[in-house]
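What follows is one structure encoded as structure tokens, with my remarks underneath.
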Amino acid sequence: MDISECPLTAAIKVVGGKWKPIIILNLSKSPKRFGQLDYSIPDISRKVLTTHLNELVEDKLITRHSYAESPPRVEYQLTERAIELVPIFEQLADWGRELTKKQA
């Protein structure tokens with residue numbers, strides 16, 4: 001199989017990396033504003049958070065809703081497509097916990 005046609009490669013291209021799964025898991029609990037995400041993921045820079053949020057919106061995994069208020073308020077929420085990923089990420093987290101136990 002050509003690597004460019006591999007479905008796993010396509011999936012990892014969209015949700016791979018250090019922060020996207022963490023962002024998705026954070027949003028799985030409830031919609032959040034940028035500041036709430038920034039607070040709940042303290043090690044991520046604001047620039048990286050902004051970039052990843054924009055990429056996740058572009059890939060239709062989250063929605064960005066702007067409220068016509070002063071000051072402006074923006075809220076991010078998972079789409080149905082991303083909600084399907086939550087159990088997979090939770091299973092990976094369980095696997096990671098078991099892996100770290102065995103390595104300790």
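The values are calculated or read from the model by the stated rules, or taken from the named source; none is laboratory data. Given the structure is predicted, the values throughout are model-derived calculations rather than measurements. Glycine also receives a Cβ, built like all others from the backbone with ideal geometry; neighbour counts cover every protein chain displayed.
Are any of the residues in segment 58-78 in a helix (DSSP H, G or I) and surrounded by fewer than 15 Cβ atoms within 10 Å (Cβ to Cβ)?
yes
Does K32 satisfy the criteria of being among the charged types (D, E, K, R) and within 17 Å of R81 (Cβ to Cβ)?
Spelling it out, it is not the case that K32 is among the charged types (D, E, K, R) and within 17 Å of R81 (Cβ to Cβ).
Report whether or not R81 is loosely packed, with under 15 Cβ neighbours inside 10 Å, in contact with a Lys or Arg (Cβ under 9 Å, 6 or more places away or on another chain) and within 24 Å of A11 (Cα to Cα).
yes
Within segment 54-69, can one find any residue that is basic (K, R) and over 18 Å from K20 (Cβ atoms)?
no
Report yes if some residue within segment 16-24 is closer than 20 Å to F89 by Cβ, free of Cβ contacts under 8 Å to residues at least 24 places away in the same chain and not in a helix (DSSP H, G or I); otherwise report no.
yes
Looking for something in contact with a His (Cβ under 7 Å, 6 or more places away or on another chain), within 21 Å of A93 (Cα to Cα) and either among the polar types (S, T, N, Q) or at pLDDT 90 or above (or both) - is there at least one such residue anywhere in segment 41-50?
No, there is no match, as no residue in segment 41-50 is in contact with a His (Cβ under 7 Å, 6 or more places away or on another chain), within 21 Å of A93 (Cα to Cα) and either among the polar types (S, T, N, Q) or at pLDDT 90 or above (or both).
Just to be sure I understand, how many residues within segment 84-104 are assigned to a loop (DSSP other than H, G, I, E, B) and surrounded by 13 or more Cβ atoms within 10 Å (Cβ to Cβ)?
Result for segment 84-104: 1.
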